[in-house]
Amino acid sequence: MSIVGIIPARYGSTRFPGKPLADIAGKPMIQWVYERAGRSSRLDRLLVATDDARIAAAVKSFGGEALLTSAEHPSGTDRLAEAGRLLGLGDEDVVINIQGDEPQLQPIMLELLADALVRSGLCPMATLACETTDGTAFVNPNVVKVVVDDEWRALYFSRAPIPCRRNPDQAPQAFLRHLGFYAYRQGFLQLFTRLPPGRLEQLEQLEQLRALEHGHAIQVALSPVETVGVDTPEDLHMVAAQW
């Protein structure tokens, strides 16, 4: 079994075209992500899967590995699945989806994620969450929340505030904020991208609900780090100011 980290990266983002190449402290964002992921002790291989020659050239210029994939993929997960096929990975190999817009990524996050999937005998995929009491984030629909069972398997993901507070006057309640990193067994990754989107997935616009709706368990690992993803130029300025 090998553990492969893949960073899906496309150039044509609607809200932020060219985002992977956006400059942070003299480096393109994709380089920060790649270099930080590369410090993880659990990855046997790391590469960027992209649809754009400019991104591939930038990755190769700093010594990274890039793989060109189709420009027709509706999601990063579909790009990930194509990369897994092109690499000829076995069904039990582990593929980690590393978000290319997470320059604050810490290697420990990938290690915890990989270990959670490897240890789990029942779950074909795993993801990360962090614990917080941020009341503003709790009610923000752009912040995805997850609730888990006693074995830290996901029960549900939602943009709504979950678990709901029956008594709103209670002190701030800890909740799990979902972080968009995933690990898959390669065989399941290929199956997942062939499954039809579920009703809840379409309502919430959360792709991971597809797995739950089709009866597949998701292991959740607790991250000690809460990162900020870059979705817009405003996010980039905020993140860059912390460098």
Failed item, numbered, when ALA83 is tested on (1) surrounded by 22 or more Cβ atoms within 10 Å (Cβ to Cβ); (2) of a type in the set (A, V, I, L, M, F, W, C); (3) closer than 24 Å to MET238 by Cβ: (3)
Based on this model, can you work out whether GLN186 counts as in contact with a strand residue (DSSP E or B) (Cβ under 8 Å, 6 or more places away or on another chain), closer than 24 Å to ASP134 by Cα and surrounded by 20 or more Cβ atoms within 10 Å (Cβ to Cβ)? no
Collect the residues in region 28-41 that are of a type outside the set (Ser, Thr, Tyr) and either surrounded by fewer than 16 Cβ atoms within 10 Å (Cβ to Cβ) or at pLDDT below 95 (or both), keeping them in residue-number order. GLY38, ARG39
Matching residues, region 176-201, being among the basic types (Lys, Arg) and within 26 Å of LEU105 (Cα to Cα): ARG177, ARG185
LEU212 - would you say it is at pLDDT below 95, buried (at least 19 other Cβ atoms within 10 Å of the Cβ) and not β-branched (Val, Ile, Thr)? no
Hey, could you check region 197-209 for residues that are buried (at least 17 other Cβ atoms within 10 Å of the Cβ) and aliphatic (A, V, I, L, M) and say which is farthest from the chain's Cα centre (by Cα)? LEU209
Would you check if ARG85 is within 24 Å of ARG119 (Cβ to Cβ), at pLDDT 95 or above and charged (D, E, K, R)? no
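Condition check: modelled with pLDDT of 95 or more, among the polar types (S, T, N, Q) and touching a helix residue (DSSP H, G or I) at 6+ places or on another chain (Cβ under 8 Å). Does GLN186 satisfy that?
Values: modelled with pLDDT of 95 or more: yes; among the polar types (S, T, N, Q): yes; touching a helix residue (DSSP H, G or I) at 6+ places or on another chain (Cβ under 8 Å): yes.
In short, yes.
Go through region 115-136 and report how many residues are outside any helix (DSSP H, G or I) and within 18 Å of ARG185 (Cα to Cα).
Summing the residues that are outside any helix (DSSP H, G or I) and within 18 Å of ARG185 (Cα to Cα) in region 115-136 gives 9.
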Can you name the residue in region 46-75 that is among the small types (Gly, Ala, Ser) and crowded, with 21+ Cβ neighbours inside 10 Å and, of all such residues, is nearest to the chain's Cα centre (by Cα)? ALA49
Return the pair list, or none, for Cβ contacts closer than 6 Å from residues in region 1-20 that are under 18 Å from GLU65 (Cβ atoms) to residues that are crowded, with 17+ Cβ neighbours inside 10 Å and among the hydroxyl-bearing types (Ser, Thr, Tyr), at least 6 apart or on different chains. ALA9/THR50
When you scan region 1-114 for helices (runs of 4 or more DSSP H) that lie fully inside it, which ones turn up with 3 or more residues that are over 17 Å from ALA126 (Cβ atoms), hydrophobic (A, V, I, L, M, F, W, C) and in contact with a Gly (Cβ under 9 Å, 6 or more places away or on another chain)? 29-37
Output the residue which, of all residues in region 114-154 that are charged (D, E, K, R) and surrounded by 12 or more Cβ atoms within 10 Å (Cβ to Cβ), is modelled with the lowest pLDDT. ASP134
Tally, over region 132-152, of residues that are touching a residue at least 40 places away in the same chain (Cβ under 8 Å) and under 17 Å from the mean Cα position of the chain (by Cα): 2
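The values are calculated or read from the model by the stated rules, or taken from the named source; none is laboratory data. Just so we're clear, the structure is a prediction, and the values are computed from it rather than from any experiment. No Cβ is skipped: glycine too gets one built from the backbone with ideal geometry, and neighbour counts run over all protein chains shown.
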